[in-house]
Every structure is written in C-alpha cells, then in structure tokens.
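Asker: Attaching a single structure in structure tokens format; questions to follow.
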Amino acid sequence: MQNLVFSYNGHPALQDISLDIGQGEFVALMGRNGAGKTTLLKILCCLVLPDEGQAIVAGERTENENRVKPNIGLVHSDERSFYWRLSARENLRFFARLYNLQGGEIDSRIDVTTADKAAILEAARARNLVIGPDRIHLCGMRINLL
C-alpha cells in the first residue's frame, strides 16, 4: 500500500500510510482505539476505497474487488462484526451474498447434515462452550447453530 489516506466525515482515520507486505509474511496491527486498524483492513478487503493512495492485494489494486476478493479471507473477532442475532447459517448466507454468490451455490457450500451439527455440538460440549440447546459460546460471543 502506498500513501493511503482515508477520512470519515472530514476526520482523518489514515494519513499517508505506506507498507509493503511480502507473500507469506505475517503482520500484526496494533494501536489504540480509533488508530485506523479496522479502516485499513476494510480498505484491504475492498469494503471501502481510500481517499488517496493505492492498496494492492495479490498483485491487484483493491478497486478491482472481483479480482481481489477471491484472494482474501477475514475473520474479525470483534462481536460487532458478527451478527449475533443471526444463526450461523444466516451469517454465512449474508456474507455469501456480499460476494455475489447465488442461492443454490450458497446452500451447497454451507449445507450441514444433522450428523455434522451433532459433531459440532459435541466438540463444543467437550470444551464447555454449550450454553443452551443449539447454542454455543465462541470468541466471547453467543451464536446460534444452523
């Protein structure tokens, strides 16, 4: 990324951020609340465009989201990023639609058999994560199973 600038309603979130991350390298973003960590990730995931500068992921500019998105995956542990009132299936359907997947394709990718669901619940029980019928506690969140 080169010279990224981003503002929310005139308030700067990122100012002239430049960073090169090589293939296979790991990076940790650390900083206080409001430092711009989430904004930077949103730019890299094609959720927002920078006001200035450019971001390149897997050799593609983030403006080309259809070419970038197949190369990224983001699981954000913040409770606000996971819609806790939705079941796991509903969350998967919601995010699949953001990637322009269609109904039949979505269903085939997230179809979980009763046996799969039982195995998930059993694994959660073994770790004391079950908090009710078909509900588990994960990453500080409560989610409904399918």
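Asker: What pairs can you find where one residue is in segment 49-66 and farther than 11 Å from MET1 by Cα and in the same structural domain as GLN23 (by TED's automatic domain parsing), the other is among the polar types (S, T, N, Q) and surrounded by 13 or more Cβ atoms within 10 Å (Cβ to Cβ), and their Cβ atoms are less than 6 Å apart, with a gap of 6+ or different chains?
Answerer: Short answer, once both residue conditions are applied: ASP51/SER7.
Asker: Tell me the residue from GLN23, GLN102, GLN54 that is surrounded by fewer than 16 Cβ atoms within 10 Å (Cβ to Cβ) and within 30 Å of LEU121 (Cα to Cα), please.
Answerer: GLN102
Asker: For ARG32, work out the one condition from (1) over 19 Å from the mean Cα position of the chain (by Cα); (2) at pLDDT below 90; (3) under 17 Å from GLU63 (Cβ atoms) it doesn't fulfil.
Answerer: (3)
Asker: With respect to ILE17, is the statement that it is among the β-branched types (Val, Ile, Thr), surrounded by 17 or more Cβ atoms within 10 Å (Cβ to Cβ) and more than 21 Å from GLY73 (Cα to Cα) true?
Answerer: In short, yes.
Asker: Moving on. I need a count of the residues in segment 36-58 that are assigned to a helix (DSSP H, G or I) and not basic (Lys, Arg).
Answerer: Going through segment 36-58, the residues assigned to a helix (DSSP H, G or I) turn out to be 37-44.
Next cut, not basic (Lys, Arg) only: 38-41, 43-44.
Residues that pass the stated criteria total 6.
Asker: Output the residue which, of all residues in segment 1-14 that are part of a strand (DSSP E or B) and among the aliphatic types (A, V, I, L, M), is surrounded by the fewest Cβ atoms within 10 Å (Cβ to Cβ).
Answerer: Looking only at segment 1-14, we keep the residues that are part of a strand (DSSP E or B), and these are 2-8, 11-14.
Next cut, among the aliphatic types (A, V, I, L, M) only: 4-5, 13-14.
Details: LEU4: 24, VAL5: 14, ALA13: 22, LEU14: 21.
If we take residues in segment 1-14 being part of a strand (DSSP E or B) and among the aliphatic types (A, V, I, L, M), then VAL5 is surrounded by the fewest Cβ atoms within 10 Å (Cβ to Cβ).
The values are calculated or read from the model by the stated rules, or taken from the named source; none is laboratory data. Please read these numbers as outputs of a predicted model, since none were measured by experiment. Heads up, the Cβs are rebuilt from the backbone with ideal geometry, glycines too, and the neighbour counts pull from every protein chain shown.
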